[in-house]
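Here's the structure we're looking at; comments come further down.
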Amino acid sequence: MLRKEVNDLLTQTDNGTAMGAMFRSYWIPALLASELPEDDCPPVRVKLLGERLIAFRDSKGRYGLMDEFCAHRGVSLWFGRNEEGGLRCPYHGWKYDHTGQCVEVPSEPEESGFCGKIKLKGYPLIKVGDVLWTHMGDKETRPPEPTWEFATVPAEQTFTSKRWQECNWLQAMEGGIDSSHVSFLHSGSLNSDPLFKGAKGNKYNQADKKPVFEVSESDGGLYIGARRMAEEGHYYWRITPWIMPSFTMVPPRGDHPMHGHFWVPIDDENCWAWSFDYHPTRALTTEERQAMVDGYGVHNKYVPGSFRPLQNKDNDYLMDRDAQRRGDTYSGIWGIAMQDASLQESMGPIVDRTKENLVSTDNGIIMARHRLRKAAVALRDKGEMPPGRVPEHQLVRSAARVLPPEENFADAMKDDLRVRTGVKQTSV
Amino acid sequence: METVRPTLLSSCAKAATAAEARFRVPYPNALTRASRIFALDAGAAEAMFAITEDPWNGAHFLTVGGASQIDPDATGVDDLPLSAPDGRAVLLSAEIKGADVVVMLASSDTRIGAAEVIAREAYERKIMLAGLVLADGLSKSSVDRIVAALRPYASVLVVASENDFIPAMLTALRA
Ligand code: FES
Ligand SMILES: [Fe+2]
């Protein structure tokens, strides 16, 4: 159960809200770099944290992200002409550079300097890895550029996708730290998904459906350890790191690439589910990359030409009752990503958490909400910058390992849970 | 069976809108839980007493007393020195009987023997046992010792750096 005022605090991210200010203190994923593939390419409409923006790449390769609407009479600049170092409104020809600065008002004499008075709100847009990131907060408190491992390994080792999810960011994110659903919802996929199957750890997952959880705080967020029985009284540990506000990584399986997510609010009733897969020490194989493109693992299939999943609420997610009955899939929905998304969207755009009945195994979620609330309030009331903004917090990995019963995962797996350049992931 | 296509908005997944959420049935979906919160040591009791006055849904806040370490093998279920916030002595058997949720609070490993006595009873009744380690002011090695000592008994172990997690967790669990 969560009181209504706390639910509102955590789920509302428009400008002027506490959680909105918190999201605005980070570099967050805004677009895939492939959405702006070349200089002077078509601009892209972007909605983030309840703000309607336009992204473009100018003639010199500079990225811009700014207010979507022309300062003159409010036309959408999506119709604009992206040429000669700026984006020109097609209505009366006002032109803006990549920072949102108006650089030309054709009706006014150039000498008047009028255009210098016109500036659209603009945010920086930088490319790190396959992602264009933005920081929508104050310049004075801008954090260092993102250092997440998935975005900094060589291009051939990593793959990122994004999909529109039709619900609030928090209920999507909570799925990422809800380790107890894996033995149920995704049980069918452990055997069949090319990006999951064959790992020794899967066997422990399926044999012991009642994992025991240990939740401990880290500087940037949480570690959620799930422990299952392995051979000879040993424990099979799977550790999920959560870094504030919304980065999670799935514990790895075998030598499969590691994966994880970012959940970024579009507005309060929609979010982007970013999903990445990477291998720290080797290139992804052609088969792996193809499987990701084909929507396996944490990725998904799309309505052609869009970022909307092919399975969506308009087609009941292509529910397959026969597959459900046969046990090919536990819920009848194909694919790990849409198994999660279908259920999270079914909760409604913003789930009413006053109605839920949490149990002890939900403590990872309880602690994450608690830390988010405290961080958002500390930023709002005292101007304290939240965790998760600095490289020390971002250089984490998930890990899976078999340990003797007396070992503490946080100690025994300390190195496994850090990024170690040139060292592969710790996995079973 | 032929697939029947949903005909109304509310009979397909498109009903996941704010407007349709208005029609969710308003009836309660759970009975009140019986929660038992055990403070295993003096530090935990102090942290617990800071919140026992808040409005709870009938949670029982219990303190393990006694001066020294409790030897679980020599302590029968009702030999555990246990008291309610008003100082009244209570019996573990009566407290565990009918409990739905059991949470143990620990800020030291000096009284872990009590955890074993409580866990035995909870296990008999197949009740989930959560352990909350209050790490505020403790060294890392003390926290590690408490975690290791509680691990055999708790199905969920949480290490909280600040005591304000106690009310957050109990509220979430509808204690
Ligand atoms: S079983 Fe968890 S939401 Fe229904
Ligand atoms: Fe999932």
Report, ordered by the first and then the second residue, all pairs with beta carbons closer than 7 Å, sequence separation of six or more or different chains, a first member in segment A:181-210 that is within 14 Å of another protein chain (Cβ to nearest Cβ), and a second member that is away from ligand 1 (no atom under 14 Å from the Cβ) and open to solvent by less than 10 Å² (accessible area, probe 1.4 Å). A:Asp208/A:Arg228
In segment A:14-24, is there at least one residue being open to solvent by 20 Å² or more (accessible area, probe 1.4 Å), touching a Phe, Trp or Tyr at 6+ places or on another chain (Cβ under 8 Å) and over 20 Å from A:Glu174 (Cβ atoms)? no
Scan (1) within 16 Å of ligand 1 (Cβ to nearest atom); (2) in contact with a strand residue (DSSP E or B) (Cβ under 9 Å, 6 or more places away or on another chain) for the single condition A:Leu185 breaks and write down its number. (2)
Here is a list of conditions, (1) more than 7 Å from every other protein chain (Cβ to nearest Cβ); (2) open to solvent by less than 40 Å² (accessible area, probe 1.4 Å); (3) free of Cβ contacts under 8 Å to residues at least 40 places away in the same chain, and B:Ser155 meets all of them except one; can you say which number that is? (1)
Assuming B:Glu162 fulfils every condition listed in (1) at pLDDT 95 or above; (2) surrounded by 17 or more Cβ atoms within 10 Å (Cβ to Cβ) apart from one, which condition is it? (2)
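Do we find that A:Glu392 is within 16 Å of ligand 2 (Cβ to nearest atom) and either under 25 Å from A:His256 (Cβ atoms) or at pLDDT 95 or above (or both) in this structure?
Here the answer is no, as A:Glu392 does not meet what is asked.
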Has segment A:327-336 got at least one residue that is touching a Ser or Thr at 6+ places or on another chain (Cβ under 6 Å), among the aliphatic types (A, V, I, L, M), open to solvent by less than 20 Å² (accessible area, probe 1.4 Å) and at pLDDT 95 or above? yes
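Can you tell me which of A:Leu87, A:Leu185, A:Leu77 is closer than 27 Å to A:His299 by Cβ and either among the aliphatic types (A, V, I, L, M) or away from ligand 2 (no atom under 16 Å from the Cβ) (or both)?
Details: A:Leu87 fails: closer than 27 Å to A:His299 by Cβ; A:Leu77 fails: closer than 27 Å to A:His299 by Cβ.
On inspection, the qualifying residue turns out to be A:Leu185.
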Quickly run through segment A:339-377 and pick out the residues that are within 7 Å of chain B (Cβ to nearest Cβ), surrounded by fewer than 18 Cβ atoms within 10 Å (Cβ to Cβ) and in a helix (DSSP H, G or I). A:Ser346
Select from segment A:145-180 the residues that are out of contact with any strand residue (DSSP E or B) (no Cβ under 7 Å at 6 or more places or on another chain) and within 11 Å of ligand 2 (Cβ to nearest atom) and write down the one among them that is farthest from the other protein chains (Cβ to nearest Cβ). A:Gly175
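The rows are residues; the columns are (1) modelled with pLDDT of 95 or more; (2) open to solvent by 30 Å² or more (accessible area, probe 1.4 Å); (3) touching a Leu at 6+ places or on another chain (Cβ under 9 Å).
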position: B:Val64; (1), (2), (3): yes, no, yes
position: B:Gln69; (1), (2), (3): no, yes, no
position: B:Arg88; (1), (2), (3): yes, yes, no
position: B:Gly98; (1), (2), (3): no, yes, no
position: B:Ala106; (1), (2), (3): yes, no, yes
position: B:Ala130; (1), (2), (3): yes, no, yes
Residue set A:Lys203, A:Lys197; condition within 28 Å of A:Pro304 (Cα to Cα) and more than 14 Å from ligand 2 (Cβ to nearest atom); output residue A:Lys197
Subset of segment A:390-424 that is open to solvent by less than 10 Å² (accessible area, probe 1.4 Å) and assigned to a loop (DSSP other than H, G, I, E, B) - its residue that is nearest to A:Glu145 (Cα to Cα): A:Arg397
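The values are calculated or read from the model by the stated rules, or taken from the named source; none is laboratory data. This is a predicted model, so every value here is computed, not measured. Cβ sites come from the backbone with ideal geometry, for glycine too, and all protein chains shown count toward neighbours. The accessibility values were calculated without ligands, DNA or RNA, using every heavy atom of the protein model including side chains. Shrake-Rupley method; radii C 1.70, N 1.55, O 1.52, S 1.80 Å.
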